[in-house]
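The values are calculated or read from the model by the stated rules, or taken from the named source; none is laboratory data. Note that this is a predicted model, so its numbers are computed, not measured. Cβ placement follows ideal geometry from the backbone for every residue including glycine, while neighbour counts extend to all protein chains displayed. Quick note on the areas: whole protein, heavy atoms, side chains included, nothing else; ligands and nucleic acids left out. Shrake-Rupley method; radii C 1.70, N 1.55, O 1.52, S 1.80 Å.
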Amino acid sequence: MKTAFYIPLGILAIASASCSQQPSVTSPDGSIEVNLLRTDSTLAYSVDVDGKQLILPSMLGFEAEGLTPAADAKLSLKTSSLDEEWTQPWGENKRNRNNYKELALTLTAPNLEMTVRVRAFNDGVAFRYEWNVQGRDSVTVMDELTQFNFADNAKSWSIPADFDSYEKDYRTLPLDEVENANTPFTFLTNTDGIYGSIHEAALYDYPEMTLLQTEHGAKSFRTALAPMPDGVKAVTGAIFTTPWRTIQIGRKATDLINSAMILNLNEPSKIKDTSWIKPQKYVGIWWGMHLGTQTWIMGPQHGATTENAFKYIDFAADNNLQGVLFEGWNEGWENWGGNQHFDYLKAYADFDIDSIARYASKRGIELWAHNETGGNIPEYEAVLDSAFAYYNSLGIHTVKTGYAGGFKHGYYHHSQYGVRHYQKVVETAAKYNIMIDAHEPIKETGIRRTWPNMMTREGAKGMEWNAWSDGNSAEYLCILPFARLLAGPMDYTPGIFDLNYERARNDARRIQWNGPNEHCCIKTTIARQIANWVIIYSPLQMGADLIENYDNHPGFRFFRDFNADCDWSEALQGEIGEYIVVARRAGENFYVGAGTNGEARTLSLPLDFLEKGVTYTATIYADNCDSAVAQDLSIDSRDVTAADTLDIRMLPAGGQAISFMPKK
Ligand code: NOJ
Ligand code: CA
């Protein structure tokens, strides 16, 4: 039997009786307030920022079997707060501050205890539901009724909701024109200039949340959870905690990027010894397949051959990179798009994995394993342990997974079934000291704090789209940091130097792999390609081009000098869809990446983020504004200190990257 459960009827009447004021919680700095209130017969919340309404009363609750409280329910309120600093093994910032005030509203009935826990931070708000049901083994969630009812018809940036894919272009729309959307759902209010982004944190054993307009033309949304084939959204344990529903809030666009709220809402690491988890720069046999000059399948154009493997390992070792990826190393690619049967244990005959692994180890290089599943979850799960044990025995500590294909039996990628699978891979990998880079993943919700072997993921249109479609515009690249990247690291696979694919065009063996590809090219300047290594944070950062295009290219020095590990980061300047400037520090070196949309732009960059009193050699990789040719790069070095200011001149779709090394 399905029971409509709105957080209990009359709950606020009880709440009002048990405390003199309406329950509310305010951020530590007092600027953000969340109120719990009653509308009709349901519980609702609202959010005020700087004394003005951001979210109007919006419903909380569920339609679920097993969550109906008995009539004699009692209500209690509890407040608490936290202000702590914590350290992570890797991340944009190794040190983070977690500072919030909390309000927990608990309903206790003989058959059920249910809590709505609300946290107010200086950079946003979050709430989640917790339940403990007596006399049942499980709760069947038919629907979650949480809403986001905006006061203002804000401007928004989002991708459409799709329970199978995040590889979509962004739309810039007023809220009343957004029929549905995935998260992070980023907005800017017209009235007060408040920037925000709706997302979720700590997504485990539950479907992803998307947003669905409550009615045509409304500026309010309800949650739409990815369903199971039978329409049920989730079957949870009798004791369960939902993911946090989050709204990041800032006064500047860059505040959203500089917030650690999503991570703060996740639990500390469950992996005790994290010494084997290491950020890496990597190259791989990859782009050739997307360009159509190499194949995943064994044959005359096979990319993952022993000979190529040795070449890539040498290149990585000679260029201060740590990892190499080979796609198409294992048997089964003939079945991709068919029965999706891959063999995760058997290398193709022309890929001598034992000698390649030995050679990689001899040269101090991490060999990666690629596991394309085509969405065949049952077969992948059946061999997960043995495959990861095998990779571990070869000294492999990094696996790139892929789910390019529909799941069997009608399951969505982002359903509870999918979320469980992705998590199983992360936890199994941890047992075998393996780091994960997931493509076609579930969205990142900060679980990397708890599972720091979950390094990076795709989950947006990455570089591959430039090889066989209209690709990613400079504007797209200026929205990405303020939307998808708020969720966490992305394996965008940046850094294509041969912008027009001259090498592939001159290769008579090139095939059309994924549709017509003659018109395809990179839609930015080469300086922007370099800047993306800084802008698009990933602890596993790829140099995605063919190594032949990096060999002897002066611009590749930036990647050689770059560090995928990072101690501190800050988005210094930016507007959504317009431009972005990010600085990072790794050890004593700093790196800056800047990028613009389709407009040329000059930005003034004070270097006050550098260490005071230190003179740095700044190596500047800039657009050539004289030639205005995207492929031209201007490289210049000069001495600078924290007291200096640099002018960042960028061509349309251009960018700039700068490395700062202390002068010895
Ligand atoms: C899609 C992934 O995003 C890409 O990186 C990979 O090369 C292909 N699938 C094949 O697995
Ligand atoms: Ca993909």
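Just so you know, in region 414-428 the residues that are open to solvent by less than 10 Å² (accessible area, probe 1.4 Å) and of a type outside the set (Val, Ile, Thr) include one that is farthest from ligand 2 (Cβ to nearest atom), and it is Gln416.
Condition first: of a type outside the set (A, V, I, L, M, F, W, C), within 15 Å of ligand 1 (Cβ to nearest atom) and in contact with a Ser or Thr (Cβ under 7 Å, 6 or more places away or on another chain). Can you find one or more residues in region 279-295 that meet it? No: region 279-295 contains no residue that is of a type outside the set (A, V, I, L, M, F, W, C), within 15 Å of ligand 1 (Cβ to nearest atom) and in contact with a Ser or Thr (Cβ under 7 Å, 6 or more places away or on another chain). So, of the residues in region 429-442 that are more than 15 Å from ligand 1 (Cβ to nearest atom) and open to solvent by 10 Å² or more (accessible area, probe 1.4 Å), which turns out to be nearest to Gly488 (Cα to Cα)? Top of the filtered list is Ala430. So, in region 306-330, exactly how many residues are surrounded by 15 or more Cβ atoms within 10 Å (Cβ to Cβ) and without any contact (Cβ under 8 Å) to a residue 24 or more places away in the chain? So the answer is 1. Quick one: count up the residues across region 367-383 that are crowded, with 22+ Cβ neighbours inside 10 Å and away from ligand 1 (no atom under 16 Å from the Cβ). Qualifying residue count, region 367-383: 1. Taking (1) open to solvent by 10 Å² or more (accessible area, probe 1.4 Å); (2) under 20 Å from Ile396 (Cβ atoms); (3) not aliphatic (A, V, I, L, M); (4) not in a helix (DSSP H, G or I) in turn, Gly284 satisfies each apart from (1). Checked against (1) in a strand (DSSP E or B); (2) β-branched (Val, Ile, Thr); (3) open to solvent by less than 30 Å² (accessible area, probe 1.4 Å), Ile262 passes all but a single condition, namely (1).
Residues that are closer than 21 Å to Asn500 by Cβ, open to solvent by 20 Å² or more (accessible area, probe 1.4 Å) and aliphatic (A, V, I, L, M) within region 622-650 comprise Ala628, Val629, Ala630, Leu633, Ile635, listed in sequence order. Residues to consider are Gly495, Gly446, Gly410; find the one that is of a type in the set (Gly, Ala, Ser), under 17 Å from Gln280 (Cα atoms) and away from ligand 2 (no atom under 16 Å from the Cβ). Only one candidate qualifies: Gly495. Restricted to region 385-406, and to residues there that are assigned to a loop (DSSP other than H, G, I, E, B) and open to solvent by less than 20 Å² (accessible area, probe 1.4 Å), the residue that is farthest from Trp368 (Cα to Cα) is Tyr403. In the set (1) part of a loop (DSSP other than H, G, I, E, B); (2) over 18 Å from Leu394 (Cα atoms), the condition left unmet by Gly328 is number (2). Filtering Gln529, Gln541 for residues that are away from ligand 2 (no atom under 16 Å from the Cβ), in contact with a Gly (Cβ under 6 Å, 6 or more places away or on another chain) and of a type in the set (S, T, N, Q) leaves a single hit, Gln529.
A single member of Leu54, Leu12 is surrounded by 17 or more Cβ atoms within 10 Å (Cβ to Cβ) and modelled with pLDDT under 95, and it is Leu12.
Examine region 152-171 for a residue that is in contact with an Asp or Glu (Cβ under 6 Å, 6 or more places away or on another chain) and under 18 Å from Leu203 (Cα atoms), and state whether such a residue exists. Scanning region 152-171, I find no residue that is in contact with an Asp or Glu (Cβ under 6 Å, 6 or more places away or on another chain) and under 18 Å from Leu203 (Cα atoms), so the answer is no. Within the option set Tyr206, Tyr100, being closer than 28 Å to Ala73 by Cβ, under 26 Å from the mean Cα position of the chain (by Cα) and part of a strand (DSSP E or B) holds for one residue only, Tyr100. Just to be sure, is Asp255 within 20 Å of Val125 (Cα to Cα) and out of contact with any Leu (no Cβ under 8 Å at 6 or more places or on another chain)? The answer is yes for Asp255.
Criterion applied to Gly462, Gly405 was being touching a residue at least 60 places away in the same chain (Cβ under 8 Å), within 13 Å of ligand 2 (Cβ to nearest atom) and over 26 Å from Pro279 (Cβ atoms), and the one residue passing it is Gly405. The single condition among (1) in contact with a strand residue (DSSP E or B) (Cβ under 7 Å, 6 or more places away or on another chain); (2) assigned to a loop (DSSP other than H, G, I, E, B) that Ala643 does not meet is (1). Just checking, does region 80-93 include any residue being open to solvent by less than 10 Å² (accessible area, probe 1.4 Å), part of a strand (DSSP E or B) and on the phi < 0 side of the Ramachandran plot? No: region 80-93 contains no residue that is open to solvent by less than 10 Å² (accessible area, probe 1.4 Å), part of a strand (DSSP E or B) and on the phi < 0 side of the Ramachandran plot. Could you tell me how many of the residues in region 353-391 are in contact with an Asp or Glu (Cβ under 9 Å, 6 or more places away or on another chain) and on the phi > 0 side of the Ramachandran plot? Summing the residues that are in contact with an Asp or Glu (Cβ under 9 Å, 6 or more places away or on another chain) and on the phi > 0 side of the Ramachandran plot in region 353-391 gives 1.
Being open to solvent by 30 Å² or more (accessible area, probe 1.4 Å) and farther than 17 Å from Leu485 by Cα, is that true of even one residue in region 527-547? Looking for residues that are open to solvent by 30 Å² or more (accessible area, probe 1.4 Å) and farther than 17 Å from Leu485 by Cα, one finds none in region 527-547, hence no. Of the listed requirements (1) open to solvent by 50 Å² or more (accessible area, probe 1.4 Å); (2) out of contact with any His (no Cβ under 9 Å at 6 or more places or on another chain), Trp513 misses just one: (2). Of the residues making up region 491-510, those that are buried (at least 20 other Cβ atoms within 10 Å of the Cβ) and not hydrophobic (A, V, I, L, M, F, W, C) are Asp491, Tyr492, Thr493, Pro494, Gly495, Asp498, Tyr501. Select from region 190-242 the residues that are among the acidic types (Asp, Glu) and open to solvent by 10 Å² or more (accessible area, probe 1.4 Å) and write down the one among them that is nearest to Ser46 (Cα to Cα). By that ranking, first place goes to Asp192.
Residue-level check: of (1) more than 16 Å from ligand 2 (Cβ to nearest atom); (2) buried (at least 24 other Cβ atoms within 10 Å of the Cβ); (3) among the aromatic types (Phe, Trp, Tyr), Trp451 misses just (2). The residue that is nearest to ligand 1 (Cβ to nearest atom), among those in region 460-490 that are open to solvent by 10 Å² or more (accessible area, probe 1.4 Å) and under 24 Å from Asp123 (Cβ atoms), is Arg484. Here region 606-621 is the region considered, the condition is being open to solvent by 10 Å² or more (accessible area, probe 1.4 Å) and in a strand (DSSP E or B), and the residue that is farthest from Met661 (Cα to Cα) is Pro606.
Scanning region 164-193 for residues that are more than 16 Å from the chain's Cα centre (by Cα) and in contact (Cβ under 8 Å) with a residue 60 or more places away in the chain yields Thr172, Leu188, Thr189, Thr191, Asp192. Just one of (1) farther than 15 Å from Arg528 by Cα; (2) within 29 Å of the chain's Cα centre (by Cα); (3) of a type outside the set (A, V, I, L, M) fails for Gly598. It is (1).
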